[in-house]
1. Round to the nearest 10 and give me the degree value, 0 to 90, for the angle of helix 329-348's Cα axis relative to the longest principal axis of the chain.
2. Given R₀ = 51 Å, FRET efficiency for ASN509-VAL389 by Cβ-Cβ distance, to 0.05?
3. In Å, what is the Rg of the alpha-carbon atoms in the stretch 143-212, and how long is Dmax?
4. Please give the length that would be gained between GLU568 and ASP737 if that part of the chain were fully extended, namely 0.36 nm times their separation in residues minus their C-alpha to C-alpha distance (nm, one decimal).
5. Starting from the 7 Å offset along Cα-to-Cβ, what nm value, one decimal, do you get for the label separation of GLN370 and ARG130?
6. How do ASP468, ASP270 line up, fewest other C-beta atoms within 10 Å first?
7. Magnitude of the Cβ-charge dipole of the stretch 647-766, K/R +1 and D/E -1, about the Cα centre, nearest 20 debye?
8. How long are the semi-axes of the equivalent ellipsoid of the stretch 647-766, taking √(5λ) for every eigenvalue λ of the Cα gyration tensor, in whole Å from largest down?
Amino acid sequence: MRNDILKYYIEVPDNLFALLSRYRVVIPGIQRHYVQGANNPKAESVRKQFIKEIFTAIEKKQSDFNLHFIYGPINTDGEDSFVPVDGQQRLTTLWLIARYAVEKAEPSDRKDLLRLLSRFTYEDRINAKRFCQALTCEDSRWDITQDPNPDILCQDWFLDYWKEDETVASMIRMLSTIHEEWNKHNTITIEDVLTAIASQIRFELNIDRFGDDIYMKMNARGLQLTQWENFKGKFSEDLREDIKESWDKEMEELSNSFFTCSDKQHELPDNAFFALYARIMAYEARKSGVDCGNSIKQLAAYTHNHNTWNQSELPFVPYSDFSGITNDKSIASTVADTCVKMIKTVLVNGQNEVPYFGDVKLFDTFFHPQNGNELDFTLCCYEYFKKFVNEDVDTTHFLKALRLMWNILENVDKQYENPDNRVELVKKFIGLEDKTLYSPQIKEIIGSDAPEQAKEEAEKAVQMHRNDQSMPRDWNEEKFGLWRDWNDAIEKAEKWAFFHGSIRFLYRNGNGETTWENFATKLSNCMDLFVSEGLSEDKKVKANQVLISHCKEWDNIRREPVFDAKKESWKQVLTDSSLSECVNGLLLSPNEIVDNHNGIIQILIDDAIWKNLIKDTSGYELEWKANSPSLWLNRYLYLTVKLTRNNREDILDSFINNDDIKFEAEDERRYMKIKDVNYYFAVPMFFVYKYKDENYHFAWQTWGYIDMYDNNWNKLFDLYYKKYGEGFNIAIDDQSDHDSSYYIRMIEDCIERYVKFKDNHNEKTSQ
């Protein structure tokens, strides 16, 4: 071995030997355990790949193998010591490679090498500290021809309780991996390895850059292996040469900024950054037709679920899974450049609220996505910054662009056409090169088959760019504040109640045509009508009555859900183009009922139905139930009121007045009298018919049968039809004009058949 190998790089500590020559390296107690040698699949994959890359570089005499940035302060209390804040795992692994090499070194070199390696130690982890001391004593040896793991454990100098220490166990396991990999490279000599550690395997030392707060945060890492550290080191090698170094540096700086922006104490960016890059890489893979594999897809779809990333277990993704994407340096470099600018801008604006989400901050939405909208939001931002990667992006323009992104994500169905449809839709806006995204040319490029929300954004963009920005004649300053411009007015409307960016009902007339003439009047009325949860309490009745009164026929309101007080239902009603006339009538005159209808519409707008059935009911919907337009109260079937009457209802009226018929369970409100008319609930009408001084049980079902029951309310059809073919029920012909006497005869006939059957049955049984 060359005599100068330990002196050659003393001047600049950019390698392990140079660092140890200048400083003691002390791993602080607050740092996590050494986990690259941990006994789990993640750690095993990482360490084997890392060691393989190092020995491959040594074998190929690679001139520069970069371990990237190593951070930490210098402790000048006594002998100068370097305290790694970031890079402990890499330094420890490199130190173990050097220590393994010592076992192969000549005796003349061994003493000096061990003395140098003894300058690597632990501050507070006493077992790890003593193991490192023992490992660098001249007497510490093991059989170099065998796996070090079992052999070291049997050595006299090894204390038995050390093997219970997580760091010690990981170190020994890593020595085994080094042994295994070195033996695969038969041409590598001891001098090759030591020379590489002294020259080829380099890092960029960054000393004394951080204050105490950053130091504490950087070390609050827990015990889990961070996949981000492994990813970023390898990802940089797949970048264009001109951006490798700058990407490394900028991502580390953004890591520091992340700490400042995060509201969560000691939150590391590792998991958030790793999931973010996986999401972007999966997206680029889909666009390129590359199958990135299930592990990346799982990570790309990972949501935060209200816990910090550090407390959530991310899916494990080895870096090799990214190779199908990163093999294309152009794609990898585009991702790197774009993500740096995107993350930097988001961090600067991280405390701004996301539109329509109350007090949710941009930082949390971007780095801690909790649903599909927030995952897609990342991709929209990515396309935005990819377009403007070489340009300055003004904060005001960026925040306005966020509005449009959220309008699309909130109001366009995620399943629209394909998985990336909404992102592609936003890309059309981005492509016009207006950094606000509200280019007046939107209308020309989105196409007639675009989702309604996209068309709405186009209309808003045109209105924002109108030359005439004068205040509308009906602008209410008391409600809206001082008039500024149409952009401000539209933003106020978008944020109201549950609208969340969807406001086309404010500029469309009853024919569905665009006109902004009554925008302010409608907005003012909306503020009276709606709150965040739906209809305001005092408008629940009137608003429905007015809306329904503008419907010309039942088919206008036959929908699911129909009309109730909930925000979900009203969002659909307000934006449904088929209801434009009804909605326009309501928003222009919210207190004026159009009372010129007949039939079902008139029933629905009648005060009586609302006073008797709806006003005191917390939930109600108009739906088609039991083959009839019905009011569904509280979503309970037995509180569903049929609003139309047919022959069944007329006959039931006669039954109610028949002294021989007694209805059961009257307390369950099976019918209700409104303006001297009985309205029946969409449930079976149970009754007892007295015939020849005996009581017989029946139920008039909603599906068109009168079923007979025994005295214990067991349906006779169920008891006898399967075995004897006797059903004892009466089919109802809704189209017939039979009166009640006809059905009384049918009921009596059914009783006679049942009595006869039962007598015969009992006679056969007794024989």
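Taken together, the values in this text are just the output of simple stated rules run on the coordinates, not laboratory data. Because the structure is a prediction, the values reported are computed rather than measured. Cβ sites come from the backbone with ideal geometry, for glycine too, and all protein chains shown count toward neighbours.
1. The two axes meet at around 70 degrees.
2. Working from the Cβ atoms, E equals 0.75.
3. Answer for the stretch 143-212, Rg first and Dmax second: 16.5, 47 Å.
4. 56.6 nm
5. 4.9
6. ASP468, ASP270
7. The dipole magnitude comes to about 420 debye.
8. Its equivalent ellipsoid spans semi-axes of 27, 14, 14 Å.
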